[in-house]
Amino acid sequence: MKKRLLASLLSAVLGLSLLAGCSGGQDNNGGSASDNRAAETETAENEEEPELTKITLNEVAHSIFYAPMYVAIEEDYFTDEGIELDLVCGFGADKTMTAVISGEADIGFMGSEASIYTYNEGATDYVVNFAQLTQRAGNFLVAREEMPDFTWDDIKGSLVLGGRKGGMPEMVFEYILKENGIDPETDLEINQNIDFGSTAAAFSEGQGDFTVEFEPGATSLESEGKGYVVASLGEDSGYVPYTAFSAKKSYINENPDIIQGFTNVLQKGMDYVQTHTPEEIAKVIEPQFPETDLDTITTIVTRYYDQDTWKSNLIFEQSSFDLLQDILESAGELEQRAPYEDLVTTTFAAKAAQ
């Protein structure tokens, strides 16, 4: 009996020892599993994150008009491409161009006319456009009353709150007038003395019969019942290269991989807006515009979406560049046309679109 009891105790002790061996988990080298886990954790913590390439992008304005770029930001396309984006608002093409020329910014996002001006001024390390984002003007003509049958002849004899002389909004507006047989100097009065961004407020306070507005100004006037969009300058002016990404010639030559990666990211943003609804686009870019409610963002995105604002690719075509210079000449802002071959490269956009 004692022998059987002793045998049973020995068996139990042996079994516990085996279980302890399994749960303790020695590896083939004699170390415990807990020791191995600690070592693995330490190794993982010591592994460095892949280094991102920092790019400073100076944008002319922060606007829903540029939705594809903000999609790329919010969807982390830049990070996926190994880019750490520092987005700075220049509040004007002249300031954005200054930032690029001085080296304060690596890439500028602005109207392409700025690159033509600096080129004609004799800049040696001039700025080259490598990716076009918008292909329509982004402003709208707002009237005090609904005008479902509006024609441009209806604007004759009126006072219009316009844009800065020499700026793209004003030049596109005057180009449309001339294309419709209207003389901007004699057939109507254009007030160009109100600061950009303040015209909607002036109009709501009773100034002018019409106003030329970007978003969200146009939608805000409509929502307040103080104005009605009667025409899209984007539709009536044709396919204009309204905004594009550019960098100094030297920067592009020295950093082709960075420019290509940047362009690839933008193409992903363009692909997104081409394959998603305005509601989906608005939801993605909502964090970029915390001061604007989602319904308003959706309305604005829809308006831009419906007028075919964004290209399916980023290729800056010569026909668009020629039209841009036609507009500049018509406005009396261009003494000499600039060569497309110098100021535009399509290499990166064509590769990104493949």
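The values are calculated or read from the model by the stated rules, or taken from the named source; none is laboratory data. All figures in this text were calculated on a predicted structure; none of them were measured in a lab. Glycine also receives a Cβ, built like all others from the backbone with ideal geometry; neighbour counts cover every protein chain displayed. Quick note on the areas: whole protein, heavy atoms, side chains included, nothing else; ligands and nucleic acids left out. Shrake-Rupley method; radii C 1.70, N 1.55, O 1.52, S 1.80 Å.
Remarks
- Couplings 3J(HN,Hα) for the range 132-137, derived from phi with the Karplus relation 6.51 cos²θ - 1.76 cosθ + 1.60 (θ = phi - 60°), are 9, 9, 9, 10, 9, 5 Hz, where x marks Gly and Pro.
- Diffusion coefficient (Stokes-Einstein, Kirkwood radius over C-alpha pairs, 4 °C, 1.567 mPa s) for the range 209-267: 86 µm²/s, rounded to a whole number.
- Using only side-chain charges placed at the Cβ, +1 for Lys and Arg and -1 for Asp and Glu, the dipole size of the chain relative to its Cα centre rounds to 1880 debye.
- Residue-wise HN-Hα coupling along the range 333-338, computed from phi with Karplus coefficients 6.51, -1.76, 1.60 (Hz; x: Gly, Pro): 9, 9, 8, 9, 6, 9
- Contact order for the range 79-224, expressed relative to its length and based on alpha carbon pairs under 8 Å spaced 6+ residues apart, stands at 23 percent.
- What the phi angles of the range 230-246 give under the Karplus curve with 6.51, -1.76 and 1.60, with θ = phi - 60°, is a coupling list of 10, 7, 9, 5, x, 6, 7, 9, x, 7, 9, x, 5, 9, 8, 9, 8 Hz, glycine and proline written as x.
- FRET efficiency for the pair Q207 and K156, taken as 1/(1 + (r/R0)^6) with r the Cβ-Cβ distance and R0 = 30 Å, rounds to 0.95.
- All lysines inside 18 Å of K283 as judged from Cα atoms, apart from same-chain residues fewer than 8 positions distant: K268
- Surface composition of the range 47-161: carbon and sulfur make up 44 percent of the accessible area, probe 1.4 Å.
- Net length gained if the chain between M147 and N191 were fully extended (0.36 nm per residue, minus Cα distance): 13.7 nm
- For the range 102-126, the residues whose amide N sits under 12 Å from a probe point set 7 Å from the Cα of E335 along the beta carbon direction are 120-122.
- Student exercise, the range 164-240 dipole from Lys, Arg, Asp, Glu Cβ charges, in Debye to nearest 20: 180
- Within the accessible surface of the range 209-325, defined with a 1.4 Å probe on protein heavy atoms only, the carbon and sulfur portion equals 46 percent.
- Among P290, P169, P50, the largest mean-square fluctuation in a Gaussian network model of the chain (Cα springs under 10 Å) belongs to P50.
- Mean Cα-pair separation over length for the chain, i.e. relative contact order, pairs under 8 Å, 6 or more apart, %: 24
- Protein-only accessible surface at a 1.4 angstrom probe places the residues L323, L133 in the order L323, L133, largest first.
- Remark: the chain carries 50 Å² of accessible area per residue (probe radius 1.4 Å; ligands, DNA and RNA excluded).
- Cα-based radius of gyration of the range 204-302 once divided by 2.2 N^0.38 Å, which approximates compact folds: 1.42
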